[in-house]
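Structure first, then comments.
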């Protein structure tokens, strides 16, 4: 089902540098163009994502976090928060959950974008699974109730927030699509910012990859390009 709704405030929870660009940057660009305020939360440093035996994890992390900053700047994202967890080491624990609850209560988003935690038939990085699950739990019930992480309310003055909607990207059960026909070029520019991840790809190959995935997402909607999500709504 296509959606034309533009939220006012958006929180993007991305496990690694480049994940959000490949999966939802067209939607982010569209919403920003329509006036949305967007904060990215980069959960890990991306320090394992290479086949180059001559680069250290520390150097790769610096490179990839800079690439994420360049990508978000190209999209017009207003805020980028780096949590600096080691790549591959996200855990479904109170530390990570509290970090995301803090972000939700600060931003008070209308929509949270995060990776699908429940893919069954397609391989999925453990950081994707965990980031999606923890984002879901942070939205509901933890950010909603002041006695979850009471210190955020008591010591930091962060009031509870009820997020109406999560959109999960990378899902096998998409029920919502966003038209990115006008922003697919912005998506490609953001993907290109992740130079360490598209090293060896030609401009044509990057464009073909992004556009082919965006064509696959349109289903029978009649759109030219889209991004697909599984939508979860909460009573607010």
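FYI, it's all coordinate maths here, none of it is from the lab. This one's a predicted model, so the numbers in the text were calculated from it and none came from an experiment. Positions of Cβ are generated from backbone atoms using ideal geometry, with glycine treated the same way; all protein chains shown enter the neighbour counts.
When residue 21 is tested against the conditions (1) in contact with a strand residue (DSSP E or B) (Cβ under 7 Å, 6 or more places away or on another chain); (2) crowded, with 20+ Cβ neighbours inside 10 Å, the lone failure is (1). Filtering the stretch 185-236 to residues that are in a loop (DSSP other than H, G, I, E, B), closer than 30 Å to residue 162 by Cα and in contact with a helix residue (DSSP H, G or I) (Cβ under 7 Å, 6 or more places away or on another chain) leaves only 234. Selection over the stretch 71-107 of residues that are under 18 Å from residue 168 (Cα atoms) and surrounded by fewer than 22 Cβ atoms within 10 Å (Cβ to Cβ) gives a count of 2. Taking the stretch 1-116 and the strands (runs of 3 or more DSSP E) fully enclosed by it, the elements with 3 or more residues that are on the phi < 0 side of the Ramachandran plot, in contact with a helix residue (DSSP H, G or I) (Cβ under 9 Å, 6 or more places away or on another chain) and in contact (Cβ under 8 Å) with a residue 60 or more places away in the chain are at 9-14, 37-44, 111-115.
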